[in-house]
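Structure record follows, encoded as structure tokens.
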Amino acid sequence: MARLGISFSGGPNASEIVACVKLAEELGYESAWVAEGHGGDQFAILSACATQTSRIILGTSITSAFVRSGPTIAMAAATVDEISQGRFILGIGSSHKIQVEPEHGIPYSKPLTRVRETVELVRELLREGIVHYQGETISIEKFEFWFEPHRRAMPIYLSAVFPKMTEVCGEIADGIILTRSTLETGAKVKAQLATGAARAGRDAGKITISSLLPVAVAESRAEALDNLRAGTAAYAGYFPRYNRLIADHGFVAEAAAIAEAWARGDQAAAVRAVSDELVDATGIAGTAGECRERIQAYRDSGIDLPILAPFSRGANAHTQFEAVIRACAPE
């Protein structure tokens, strides 16, 4: 069966996410992923999913290397891995300065080093049960597990947007989590992963390339494109890194217009600045049939694991997520 994931970053509440993940497992999805952000505690939600499922892989997309300490990440990961009986993937990322500092009151610096050191610490703590760590961004005098992990090693995926972090993935990660990819992204990322993997003497072909892909299913393509416009504006308006990503995809004018409108507080103008071409290039929008064709196009382009990322808020978010899960289910 074709590989496919579903992700959650807010919208449905914890119980509704569990129900959606149960449905996804029944319909043949390979994996379900929960973001850090503002959508509820990801490890708690994934633990609840683990108790209600038996096959589907569960992952974080992502947990922040800044907001949680390395030992806390290791303990949480080991907990979900135990409850799921080895069905867990730990997705780690640097998050964003605009979130880490104002929202959590934590200094944000040297994100590549912080991610690299977090991975080293987590792996050592899982493997040995105890860690003493002195790095540039992390200093742990001593931390010890008072329990036996289900696995002494688990897959660790890293999020990346630009080449430097992608090369780090090539050096140390089991998989990469991209976001808002185009059909050209897969080939570019493979080359960057190969560069990093060569430095570490690794086989880049064994690194799973996954991508979070915004998705909207509707009765018409025009309606689906409209449904993704606000989410695209929010990401490109609020996050400088994603705005740059949109520009790098070739949508320089749109990225500038969205950023300018967002900066002056005119979210409606930011939404109007999102063209159909931008939405179409960086996500999946259309009827159920059109969406399934687009998912396959991403697979053919080099994305090993497309991860559907519906964007819905409000009282009917659960219904909209369920509709996407059903419409795009593997055949």
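Observations on the structure shown:
- Nearest 10 degrees, 0 to 90: helix 14-26 Cα axis against the chain principal axis: 80 degrees
- Charging the Cβ of each Asp and Glu at -1 and of each Lys and Arg at +1, and nothing else, the dipole of the chain about its Cα centre rounds to 460 debye.
- Derived scalar couplings ³J(HN,Hα) [region 116-129; Karplus, 6.51 cos²θ - 1.76 cosθ + 1.60; whole Hz; x for Gly, Pro]: 4, 5, 4, 4, 4, 5, 4, 5, 5, 5, 5, 6, 9, x
- Packing rank of 318-328, 292-302, where each peptide gets the mean count of other beta carbons within 10 Å, highest leading: 318-328, 292-302
- The ranking of THR208, THR60 by Cβ neighbour count inside 10 Å, starting from the fewest, reads THR208, THR60.
- Once the Cα gyration tensor of region 126-197 is diagonalised, semi-axes √(5λ) in Å: 31, 15, 10
- With neighbour counts taken as other beta-carbon atoms within 10 Å, the residues GLU148, GLU128 rank, fewest first, as GLU148, GLU128.
- Projected area, mean over directions - region 29-75, Cα convex hull, nm²: 3.5 nm²
- Protection-proxy order for peptides 139-147, 259-267, 171-179, each taking the mean of Cβ atoms within 10 Å per residue, highest first: 171-179, 259-267, 139-147
- Full extension of the segment from ASN316 to ASP300, taken as 0.36 nm per residue of separation minus the current Cα-Cα distance, would add 2.5 nm.
- Crossing angle, helix 317-327 versus the chain [Cα axis fit, 0-90 degrees, rounded to tens]: 80 degrees
- Tensor-based shape of region 219-285 (alpha-carbon gyration tensor, a/c under 1.5 rounded, otherwise prolate or oblate): oblate
- Shape class of region 261-308 from the Cα gyration tensor (axes a ≥ b ≥ c, square roots of the eigenvalues): prolate, since a/c reaches 1.5 or more and a/b is larger than b/c.
- Protection proxy ranking of 98-104, 228-234 - average other beta-carbon atoms within 10 Å, highest first: 228-234, 98-104
- Between amide H atoms placed 1.01 Å from N, distances below 5 Å from GLU36 occur with SER61, ILE62, all of them 5 or more places distant or on a separate chain.
- Cα coordinate range in region 177-261, projected on the principal axes (Å, largest first): 46, 32, 18
- Prolate/oblate/rounded call for region 104-232, Cα gyration tensor, a/c under 1.5 rounded: prolate
- Most simply put, region 113-231 has about 35% antiparallel DSSP beta bridges, counting only bridges with both residues inside it.
- Cα gyration tensor of region 38-162 - equivalent ellipsoid semi-axes, whole Å, descending: 23, 19, 12
- Counting only DSSP beta bridges with both residues in the chain, the antiparallel share comes to about 10 percent.
Where a number appears in this text, it was derived from the coordinates with a stated rule and is not lab data. Note that this is a predicted model, so its numbers are computed, not measured. No Cβ is skipped: glycine too gets one built from the backbone with ideal geometry, and neighbour counts run over all protein chains shown.
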